[in-house]
1. Quick one: count up the residues across the range 105-132 that are open to solvent by 10 Å² or more (accessible area, probe 1.4 Å) and hydrophobic (A, V, I, L, M, F, W, C).
2. Of everything in the range 270-290, what is in contact (Cβ under 8 Å) with a residue 40 or more places away in the chain and either open to solvent by 40 Å² or more (accessible area, probe 1.4 Å) or in a strand (DSSP E or B) (or both)? Give them in sequence order.
3. What is the residue count in the range 253-269 for residues that are within 21 Å of Pro15 (Cα to Cα) and surrounded by 15 or more Cβ atoms within 10 Å (Cβ to Cβ)?
4. Provide a single number: the residues in the range 133-156 that are surrounded by fewer than 24 Cβ atoms within 10 Å (Cβ to Cβ), in a loop (DSSP other than H, G, I, E, B) and not hydrophobic (A, V, I, L, M, F, W, C).
5. Give the residue that is nearest to Met167 (Cα to Cα), with candidates limited to residues of the range 193-226 that are part of a loop (DSSP other than H, G, I, E, B), of a type in the set (A, V, I, L, M, F, W, C) and in contact (Cβ under 8 Å) with a residue 60 or more places away in the chain.
6. Test of understanding: among Val181, Val189, Val197, which residue is among the β-branched types (Val, Ile, Thr), surrounded by fewer than 18 Cβ atoms within 10 Å (Cβ to Cβ) and in contact with a Phe, Trp or Tyr (Cβ under 9 Å, 6 or more places away or on another chain)?
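The values are calculated or read from the model by the stated rules, or taken from the named source; none is laboratory data. This structure is a prediction, so every number in the text was calculated from the model and none was measured. Every residue, glycine among them, receives a Cβ derived from its backbone with ideal geometry; neighbour counts consider all protein chains shown. When the accessible area is computed, the model is the full protein with side chains, heavy atoms only, and any ligands, DNA or RNA have been set aside. Shrake-Rupley method; radii C 1.70, N 1.55, O 1.52, S 1.80 Å.
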Amino acid sequence: MPNSLFAERLWAIQPDALAPFLSHVRGMVLSRPASPPDKLARHEPSGGSALPPAGGFTPHAAFALGGEVLRDKPYAVVNGVAVISIRGVLSQFAVRTYWGELVATGMLDQIRPAIAAALADNAVGAVLLDINSPGGTVAGMKELSDFTASAGKAAGKPMAAYANGTMASAAYSLGASTGRVFAPATASVGSIGIISVLPNWAGWNEKMGVSYAYLTAGKWKAVGNEDNPLTDQERAYIQARLDTLYQHFTDGVASGMGLDVAALGTWADGQIFIASAAPQGLVTAIVADLETAIATLAKETTMDKATLAAQHPEVLASITREAAEQATAQAATQHAAQLKDRTEACVAAVRATAG
C-alpha cells in the first residue's frame, strides 16, 4: 500500500521530486476508503497481468512507431527491438492504491521480469529501456542494475536506454547498466547520489508540551527517530551508510558507462544535467527521438534462425528451400564424380590385366 513508502529512509531520486511525490502519496493515504472497493469496482484483471496499469509500463509510444504490443508481454517489439517503457517513481516492489492504481513501479517484480522476458524472446534481437523517471528507492536499485548488466552480457543482445524526458538517480543507474544512454538534447540526466530525509518534530513537541523517550537495547537502535535531533555522532553514523551506498551507486555507473571513478566531482556530485551539456561519458549519443534510438539498435540486431523464424517466416522458408536445392545439386555432383572415378579405375584395372 502507499503508506509503505513512508517507511523508506534511503532514496536515489531527484530531491525536488521526492517531496511532491510523498505529499501526493500522503493525500492518497488520508483519503482512502474505510474498506477497499470490491474487485469489480477496481476493474482488476483476475490472476494478474503482465502489463500493469498506466503509469508503469506504457508501450504505446513504441506501438505508434509500428511496434507490436502483445498482452502477454510487458514490452513492444519494433523492428526486432523490445522497447520496455518505464515511467514514474521506482520502488523495490510495485506499490498500488486501494483501487489498484500504480503509485510506484516495481524494480524487482515488474522491470526485472520484463527485461528477462525480452532477453529470452527469440523474436527480440535487442532491448531498449525507454525511461522517464526521477529515480526512486535505494532498495532494489543495485539488484536491478547488476541483473540488467549481467543478463544483457549473457544473452549477447545489444542493450541501451533512452532518456525520454528524465533519467535521474536510480533511473540513471538502471539506464547506465545497459552500457549506453541515448537522449534527446533537452533531456535531464544524472542526479547521481543518495538522499535520506529525517524529519525532526522536537520543536513541535516542545510547543505542544509533550516529549518522547526511546528506550533501546543497542546503542544505534533509535538513531534517526522523529522526536530527537541528531547528535554529531549519530549524524556521522548515518552519513557513513550513505557514503557506502553512494560508492555502490557510482561504481555501477562507472562500470556501465566507462566513467572515471577518480572524477566523481565531475559527474556524480548530485547535479542533474541537460543531456546536450552533460559531462563527457554520461550520455553515449544525442539522438532526435525514441524512433531514432530504436533504429540505432535495430541495425545491431543479430538475425539467427530463431529470430528469423519469428519475424520473417517466409524469408526463412525461402532460404531453407534454396539450401535444400543446393544440397541436392551438390550431392548429385559428388555422386557423378565418384561414379566417374570408379569407372576410370575399373577401366584401368582391365587394361592392366587384359592388355
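1. Within the range 105-132, the subset open to solvent by 10 Å² or more (accessible area, probe 1.4 Å) is 108-110, 112-113, 116-117, 119-123, 132.
Within this subset, residues satisfying the condition of being hydrophobic (A, V, I, L, M, F, W, C) are 108, 116-117, 119-120, 123.
Of the residues in that region, 6 qualify.
2. Gln271, Ile272, Phe273, Ile274, Ser276, Thr284, Ala285, Ile286, Ala288, Asp289, listed by residue number.
3. Here is the first cut: in the range 253-269, the ones within 21 Å of Pro15 (Cα to Cα) are 253, 264-269.
Narrowing further to those that are surrounded by 15 or more Cβ atoms within 10 Å (Cβ to Cβ): 253, 264, 267-268.
Going through the range 253-269 one residue at a time, the tally reaches 4.
4. 2
5. Looking only at the range 193-226, we keep the residues that are part of a loop (DSSP other than H, G, I, E, B), and these are 193-194, 196-201, 209-226.
Right, trim to of a type in the set (A, V, I, L, M, F, W, C) and you get 194, 197-198, 201, 210, 213, 215, 217, 220, 222-223.
Pick out the ones that are also in contact (Cβ under 8 Å) with a residue 60 or more places away in the chain and you get 194, 197-198.
Details: Ile194: 15, Val197: 21, Leu198: 25 Å.
Filtering first and then ranking leaves Ile194.
6. Details: Val181 fails: surrounded by fewer than 18 Cβ atoms within 10 Å (Cβ to Cβ); Val189 fails: surrounded by fewer than 18 Cβ atoms within 10 Å (Cβ to Cβ).
So the residue among Val181, Val189, Val197 that is among the β-branched types (Val, Ile, Thr), surrounded by fewer than 18 Cβ atoms within 10 Å (Cβ to Cβ) and in contact with a Phe, Trp or Tyr (Cβ under 9 Å, 6 or more places away or on another chain) is Val197.
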